[in-house]
Amino acid sequence: MKQPILEIKDLAVSFDTYAGEVQAVRGVSFSLAPGETLAIVGESGCGKSVSMQTIMGLLPSPPSRIKSGQILYEGVDLVTKTDKEMEAYRGKEFSMVFQDSMTSLNPTMRVGRQICEGIIKHQHVSREQAKEIAIDMLRKVGLPNPEQCYRRYPHTMSGGMRQRVMIAMALCCHPKILFADEPTTALDVTMQAQILDLMNDLKKTTGTAIVLVTHDLGVVAQMADRISVMYAGKIVESGTADQIFYNPRHPYTWGLLGSMPSVAQSTNNAKSELMSIPGSPPDLFAPPKGCAFAARCPYAMTACQKVDAETFTADDGHMVRCWLMDSRAPAVTPPVGRAAVRGKEAKA
């Protein structure tokens, strides 16, 4: 395995509010290799976006606060960097495609000027040179007539065009890591496919590593090399895409996969119901003492209510945070595998 370009070790992030401390991220660890796509999946509010924005140094402090952990980028701990020092990393070493392109772009500035700001700052070129680089990047992301797009305002563009502009802006300084936070949200199915194809093509041509934040497992199936499943501020399962789709071991992962319609279901004459996860995620003002998923888990044991699970190794690189993995736990038959999500037949 390649030497990781990014390593997150036991990261904990809280928000200090008038009502008390919100423990948004509670001991998250993962790594990212050069040229790899890592997908972080989970329900809304599980800490995915907060983790990414913390790595980027975008969360204001206060109210946010890094309680513990390290963010190692090429061996350098970014937690120790000031906001001024982080400016040298943002845009140049790593960039982010935000969830809502309409609110992420400045509506009072032409698209070209917004792209050129980062190019001039990090590449130290003239405005004319920056314009050439920006137009070339708009062309690479597939926008028709990039010279005209360069002069347009965001509100005159469709959602898909704005999202391509966001990707062009993020990639114009050739970052080593691209954080994509729900990059296909609010786009129609055809445009989603185009954006995903674009990101895959750019990864192949530029070698940029991608961290994809999403709750859409269909998107994950097309993009990810490895997957980390988050719940209530913690990673409860992680492994390769095949390990998670073909051999999921955590009940929460079973629920996520079971809630997705598959090709097999759509072509099968027999009726089958999608799974659902009962209940709601826990309140992170006061996280439960034991496993955060225990109240919603049909397989929960007494130990789950009292003590948070250890991290067990299910396979090479496949980590699971669940007491069902303990040798003393009763045998449980997991739901039928959801390999059809990846458009493949289930493995025996």
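Scanning the stretch 311-330 for residues that are in a loop (DSSP other than H, G, I, E, B), modelled with pLDDT of 90 or more and within 24 Å of the chain's Cα centre (by Cα) turns up Thr311, Arg321, Cys322.
Scanning for something among the aromatic types (Phe, Trp, Tyr) and either touching a Cys at 6+ places or on another chain (Cβ under 9 Å) or buried (at least 20 other Cβ atoms within 10 Å of the Cβ) (or both), does the stretch 30-43 turn up at least one residue? Yes, that holds for at least one residue. Looking across Asp16, Asp83, Asp10, one residue alone is touching a Lys or Arg at 6+ places or on another chain (Cβ under 8 Å), farther than 30 Å from Arg152 by Cβ and open to solvent by 30 Å² or more (accessible area, probe 1.4 Å). It is Asp16.
Check the stretch 86-95 and report whether any residue there is assigned to a strand (DSSP E or B) and touching a Pro at 6+ places or on another chain (Cβ under 7 Å). Within the stretch 86-95 (the criterion being assigned to a strand (DSSP E or B) and touching a Pro at 6+ places or on another chain (Cβ under 7 Å)), the answer is yes, since at least one residue qualifies. Kindly establish whether Lys131 is of a type outside the set (Ser, Thr, Tyr) and without any contact (Cβ under 8 Å) to a residue 24 or more places away in the chain. Yes, satisfied.
Taking residues in the stretch 88-115 that are under 22 Å from Thr184 (Cβ atoms), and partners anywhere that are among the acidic types (Asp, Glu) and open to solvent by less than 40 Å² (accessible area, probe 1.4 Å), the pairs with Cβ atoms closer than 8 Å and at least 6 places apart or on different chains are Met96/Asp181; Val97/Asp181; Phe98/Asp181; Gln99/Asp181; Gln99/Glu182. For the stretch 80-112, a residue qualifies if it is of a type in the set (Phe, Trp, Tyr) and modelled with pLDDT of 90 or more, and the qualifying residues are Tyr89, Phe94.
Checking each residue in the stretch 158-187 for being open to solvent by 20 Å² or more (accessible area, probe 1.4 Å) and more than 14 Å from Ser101 (Cβ to Cβ) picks out His174, Lys176.
The values are calculated or read from the model by the stated rules, or taken from the named source; none is laboratory data. Small disclaimer: the values here were computed from a predicted structure and weren't measured. Please note: Cβ atoms are built from the backbone with ideal geometry, for glycine as well, and neighbour counts cover all protein chains shown. Note: accessible area is taken over every heavy atom of the protein model, side chains too, but ligands, DNA and RNA are not part of it. Shrake-Rupley method; radii C 1.70, N 1.55, O 1.52, S 1.80 Å.
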